[in-house]
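The values are calculated or read from the model by the stated rules, or taken from the named source; none is laboratory data. These figures come from a predicted structure and were not determined experimentally. Note that we place each Cβ from the backbone using ideal geometry, even for glycine, and neighbour counts take in every protein chain shown. In case anyone asks, the SASA skips ligands and DNA or RNA and just uses the protein heavy atoms, side chains included. Shrake-Rupley method; radii C 1.70, N 1.55, O 1.52, S 1.80 Å.
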Amino acid sequence: MKLKLIDRMQEQARIFGKMNRCTQTIEECAELTKELCKYQRITNNDKTCSSTIIQTLEHIAEEIADVEICTCQLKHLFDIKNKVDEIKEQRLKEEQNKD
């Protein structure tokens, strides 16, 4: 990620604080969940879903961006970036070993 982008996210995190960012992250994760469910409905030919696949993919991209911003801010606020990176490495190794 570009340094300026990270700096802006961290500054915004400091302004809003931990509790606000926790709440925002929960909301953004719920919105991403909704869009992923909508995608599944569309790909399963659910005729009750009025969105198109193109619209839904756009919304999924938007929600992923929002979730990534929020999780970046939480890692900064809780000072856990290195720990998160360690866990990601561990999880990826575990997944690789399952193959």
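What value, in deg cm²/dmol to 500, does the helix sum -39500 (n - 2.57) over DSSP H runs of n ≥ 4 give at 222 nm once divided by the residues of the chain? Working shown, then result.
Numbers: 3 runs with 85 residues, N = 99.
Calculated mean residue ellipticity at 222 nm is -31000 deg cm²/dmol.
Under a plain spin-label model, where a point goes 7 Å from the Cα along Cα-to-Cβ, how far apart in nm are C37 and I53?
2.2 nm
Which links in K18/K75; K34/K98; K18/K81; K4/K81; K2/K81; K2/K75 stretch past 19 Å when you go from one Cα to the other? Kindly include the intermediate steps, with their values, before the conclusion.
Numbers: K18/K75 10 Å; K34/K98 30 Å; K18/K81 15 Å; K4/K81 17 Å; K2/K81 16 Å; K2/K75 17 Å.
Those over the limit are K34/K98.
Protein chains only, probe 1.4 Å: how do L92, L57 rank by accessible area, largest first? It would help to have the intermediate numbers written out before the result.
Values: L92 115, L57 90 Å².
Output order, biggest surface exposure first: L92, L57.
Using the alpha carbons of the chain, what is the convex hull volume per residue in cubic angstrom, as a whole number?
Values: hull volume 13.6 nm³, N = 99.
So the per-residue hull volume is 137 Å³.
Pull out a ≥ b ≥ c, the square roots of the eigenvalues of the alpha-carbon gyration tensor of the stretch 1-46, then state rounded if a/c is under 1.5, prolate if not and a/b is larger than b/c, and oblate in the remaining case.
Working: a/c = 7.23, a/b = 2.14, b/c = 3.37.
Verdict is oblate for the stretch 1-46.
For K93, project a label point 7 Å along Cα to C-beta. Then give me every residue of the stretch 44-85 with its amide nitrogen under 14 Å of that point.
85
What distance in nm lies between label points placed 7 Å from Cα along the C-beta direction at I26 and E11?
2.9 nm
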